[in-house]
Amino acid sequence: MIAFKEWQVVCKALAEGRQTVILRKGGIHEGREGFAWKHESFALFPTRFHAQREGVKPEDWAAFGEEELSEWQEGEVVPIQWECEVERAVTLSTWEEVEALRDLHIWTDEVIRERFDWEMKGMKGQSLHAAFVKVREICPTLKVVYQKRCHGGCRSWLELEN
């Protein structure tokens, strides 16, 4: 099963319908080709890596529990509860396009601006990839044992064993 890594608090917002778009620049492990929406559907792998309460709008701070403040530990069970279907994927190349999506996500303007401007390893600045998604619950919830070598680091896509 293919999974997409996203902040745990963002996974909750997607599942609850408070967010309907995923904005991604890419991680340092994306390779020379950079990030791409490679899959039409994928599970959400809730990560706590880089998750910062200050990175989401203040009205969404209540969604943070104490557990979101530190990354999964080796051997912990990660619940895979939701899957996404991409309805449309686009690359945004102007800040005006990005700003137009402000009400569709919980990130702060500062976090999105940093991602929009970031440049590295084949990822050009002044762009973001956006996927408009439909989310559904996975029943029963999949349970994945966290292994840093398999699930850690700055990468967007994971291959999960079924």
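If you take just the strands (runs of 3 or more DSSP E) that sit entirely in region 77-162, which of them hold at least 3 residues that are under 24 Å from Arg18 (Cβ atoms) and of a type in the set (A, V, I, L, M)? Write out each step before concluding.
Working: elements: 77-92, 128-145, 157-159.
The strands (runs of 3 or more DSSP E) meeting that bar are 77-92, 128-145.
For residues in region 105-160 being more than 16 Å from the chain's Cα centre (by Cα) and polar (S, T, N, Q), which is nearest to Leu92 (Cα to Cα)? Once the filter is applied, the top-ranked residue is Ser127.
Scanning region 1-18 for residues that are open to solvent by less than 10 Å² (accessible area, probe 1.4 Å), within 22 Å of Cys150 (Cβ to Cβ) and modelled with pLDDT of 95 or more turns up Ala3, Phe4.
Can you find even one residue in region 102-121 that is open to solvent by less than 40 Å² (accessible area, probe 1.4 Å) and over 26 Å from Glu59 (Cα atoms)? Spell out the reasoning first.
Here is the first cut: in region 102-121, the ones open to solvent by less than 40 Å² (accessible area, probe 1.4 Å) are 105-108, 111-112, 116.
Remaining after also requiring over 26 Å from Glu59 (Cα atoms): none.
Looking for residues that are open to solvent by less than 40 Å² (accessible area, probe 1.4 Å) and over 26 Å from Glu59 (Cα atoms), one finds none in region 102-121, hence no.
Checking Ala36, Ala51, Ala62 one by one, the residue that is of a type outside the set (Asp, Glu), loosely packed, with under 13 Cβ neighbours inside 10 Å and at pLDDT below 90 is Ala62 and no other.
The values are calculated or read from the model by the stated rules, or taken from the named source; none is laboratory data. Here the structure is a predicted model, which means the values were calculated and not measured. All Cβ positions, glycine included, derive from the backbone under ideal geometry; neighbour counts span all protein chains shown. Quick note on the areas: whole protein, heavy atoms, side chains included, nothing else; ligands and nucleic acids left out. Shrake-Rupley method; radii C 1.70, N 1.55, O 1.52, S 1.80 Å.
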